[in-house]
Amino acid sequence: MSGRQSPLAWSAHPRRTGHGSARTDINCAGNVRDEAAINLTPETDDLVPSEASLRHSVYDPACASSFPKVLRRRLDDFFSDGNISPKADRTMWVKIAVGLAVLAGSWIALYALKPDSWKFVGLYLLNAIAQTFLLLNIAHDSNHNAISSVRTVNKALNYVFDVCGISSYMWRILHHRGHHSCINLYGEDDALTGRCVLRFTPHEPRAPLQRFQHIYALFLYALFSLDYVFLRDFECFFFPSHDYLKSTKHRLREYVILFAGKGFYLTYMLILPVVLLGKSPLLVGLSFLLAHLIIGLSVALVFQTTHSVDSTYFPLSRSEFDNGIYHIFATTADYATTNPFVSWLVGGLNHHIVHHLCPFVCHTHYAVLTRIVKETAEEYGVPYRQHPTVGRAIKHHLLLLKQLGNRDQFSST
């Protein structure tokens, strides 16, 4: 691919040889982990690896001055030296309170004020914006046990997914087993699933229709959340495509929560406005569709612009890198990290490299951690991928889609 930088040329990028599929990452406090040692059995209540399991260090003491080791220590020192908890701070609790208040308040206003059609649509869409905010800022962090050291608090807040019509249980499986452990790996990373309509990796066969994917992609992204509400969750439960889903035995309660959550969501979003407010099914249906266009497009773009841009790398296997930290830097890109408003809206996911390095850290700490990452990467000559604005990140995502839709092979330079 013209203009793509190969991580294979990094002076700080050692190659893995003869270590199988195991890889190392650093955890929320920067500690190294051996992914092969993490037990993610289908029977576990919590599908997120425990922080304790990620604190088993598997590095060579002789390499104490290596980039991964130094970065690990500096991230760790930020919390230990400042006696700072990596979990939610006051800012995060304010965000949680604001998000939940707007979500509940918009529905209370709907039934208390009984507005006319236009005001109804406005309040309905305000609720959709609140859902988007909650998904990006609260549900995602709780999914990583990043809000509280008390597991039940994270578990309770994780049900925000179900309140928004998405199975929190299935999201946890897909996000942890199907993304964090296999970033940008074709056939493993669930985020690269394009259902033959979108091509996100050069290792996937190209279809003729995909030459136009950079044009129609945004329209499909707008259907992202609708897909999860009506199709994707059910497919993953009953018609799994990934091996880890096929081998997972879901508990009965997860099936109950799946259908109860969907029923609750569709009832308050579609049925109650018709029954209690007397709104026409057409008005409610159109408002529901418009709400999901907002949710779907926003959430999809926040995530797609972090891994699928024309500067990121698509490895052939987990063993391609000597250390998982190099894998993260090669496959992940940040954007608008100096814009606090963007970070506040998207739950810090624009600081995506730090998120993958420190998945158990609350996103309100990401800004300062990103500065540490940038400085350390520059010191060791490790490429740090970023875009200055959201618009530039979207542009480079669409450029990748155009290249992938029109060319079968790319040559890294």
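Values computed for the structure shown
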{"read-out": "Calculated from backbone phi, Karplus (6.51, -1.76, 1.60) coupling profile of segment 72-83 in Hz, x at Gly/Pro", "value": "4, 5, 5, 5, 4, 5, 4, 7, 6, 5, x, 6"}
{"read-out": "Simple label model, 7 Å out from Cα along Cβ direction - F264 to R195, nm", "value": "2.6"}
{"read-out": "Which listed pairs, of K87/K246; K87/K374; K87/K155; K155/K249; K69/K374, have C-alpha distances above 25 Å, in listed order", "value": "K87/K246"}
{"read-out": "Per residue, in Å², the accessible surface of segment 103-158 once ligands and nucleic acids are set aside, probe 1.4 Å", "value": "39"}
{"read-out": "Where segment 216-270 is the region considered: accessible area per residue in Å², 1.4 Å probe", "value": "54"}
{"read-out": "Dipole axis of segment 273-413 (+1 Lys, Arg; -1 Asp, Glu on Cβ), positive-most option in N339, L316, A291", "value": "A291"}
{"read-out": "Accessible surface of segment 322-403, 1.4 Å probe, proportion on carbon and sulfur as whole %", "value": "59"}
{"read-out": "For F200, residues with placed amide H under 5 Å, excluding near neighbours", "value": "none"}
{"read-out": "Inter-probe distance in nm under a simple model that places probes 7 Å from Cα toward Cβ, at T338 and A112", "value": "4.3"}
{"read-out": "Ellipsoid semi-axes in whole angstrom, largest first, where each is sqrt(5λ) of the Cα gyration tensor of segment 225-285", "value": "31, 13, 5"}
{"read-out": "Debye log10 I(q)/I(0) at q = 0.14, 0.20 Å⁻¹ for segment 265-413, Cα point scatterers", "value": "-0.77, -1.20"}
{"read-out": "Sites S85 and I294 - FRET efficiency at Förster radius 35 Å, r taken between beta-carbons, to 0.05", "value": "0.55"}
{"read-out": "Per residue solvent-accessible surface (Å²) - segment 284-385, probe of 1.4 Å", "value": "28"}
{"read-out": "Among 78-85, 349-356, the order from most to least packed when residues are scored by Cβ within 10 Å on average", "value": "349-356, 78-85"}
{"read-out": "Inter-probe distance in nm under a simple model that places probes 7 Å from Cα toward Cβ, at Y186 and V256", "value": "4.4"}
{"read-out": "Charge dipole magnitude, Cβ of K and R +1, D and E -1 - segment 270-413, Cα centre, debye nearest 20", "value": "500"}
{"read-out": "Computed E for S149/L316 - FRET, C-beta separation, R0 41 angstrom, nearest 0.05", "value": "0.60"}
{"read-out": "Phi to ³J(HN,Hα) by Karplus 6.51 cos²θ - 1.76 cosθ + 1.60 over segment 289-294, Hz, x for Gly, Pro", "value": "5, 5, 4, 6, 5, 5"}
{"read-out": "Phi to ³J(HN,Hα) by Karplus 6.51 cos²θ - 1.76 cosθ + 1.60 over segment 96-112, Hz, x for Gly, Pro", "value": "4, 5, 5, x, 5, 5, 5, 4, 6, x, 5, 6, 4, 5, 4, 8, 7"}
{"read-out": "Residues whose placed amide H lies under 5 Å from that of Q386, excluding near-sequence neighbours", "value": "D334"}
{"read-out": "Contact order normalised by residue count of segment 242-349, Cα under 8 Å, 6+ apart, percent", "value": "17"}
{"read-out": "Accessible surface of segment 115-196 [probe 1.4 Å, protein heavy atoms]: carbon and sulfur percent", "value": "68"}
{"read-out": "Burial ranking of peptide ranges 363-372, 289-298, 197-206 (average Cβ count within 10 Å, highest at the top)", "value": "363-372, 289-298, 197-206"}
{"read-out": "Between segment 143-167 and segment 318-338, the alpha-carbon center distance in angstrom", "value": "26"}
{"read-out": "Cα centroid of segment 107-128 to Cα centroid of segment 349-413, whole Å", "value": "38"}
{"read-out": "Chain lengthening between H203 and A104 when straightened (0.36 nm per residue, less Cα-Cα)", "value": "31.2 nm"}
{"read-out": "Extended-chain gain in nm, criterion 0.36 nm per residue less alpha-carbon gap, L286 and L125", "value": "56.9 nm"}
{"read-out": "Rounded FRET efficiency, nearest 0.05, which uses the C-beta distance separating Y159 from L277 and R0 of 25 Å", "value": "0.45"}
{"read-out": "Computed over segment 329-385: relative contact order in percent, which uses C-alpha pairs under 8 Å that are six or more apart", "value": "36"}
{"read-out": "Gain on full stretching of the segment that runs from E379 to I215 - 0.36 nm per residue minus C-alpha separation", "value": "55.1 nm"}
{"read-out": "Spin-label proximity, V70 to segment 339-373 - amide N less than 18 Å from point 7 Å beyond Cα toward beta carbon", "value": "369-373"}
{"read-out": "Surface/4 of the Cα convex hull for segment 275-337, nm²", "value": "7.7"}
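The values are calculated or read from the model by the stated rules, or taken from the named source; none is laboratory data. Computed from a prediction, not measured in an experiment: that's the story for all the values here. For neighbour counting, all protein chains shown are included, and Cβ atoms are generated from backbone atoms with ideal geometry for every residue, glycine included. When the accessible area is computed, the model is the full protein with side chains, heavy atoms only, and any ligands, DNA or RNA have been set aside. Shrake-Rupley method; radii C 1.70, N 1.55, O 1.52, S 1.80 Å.
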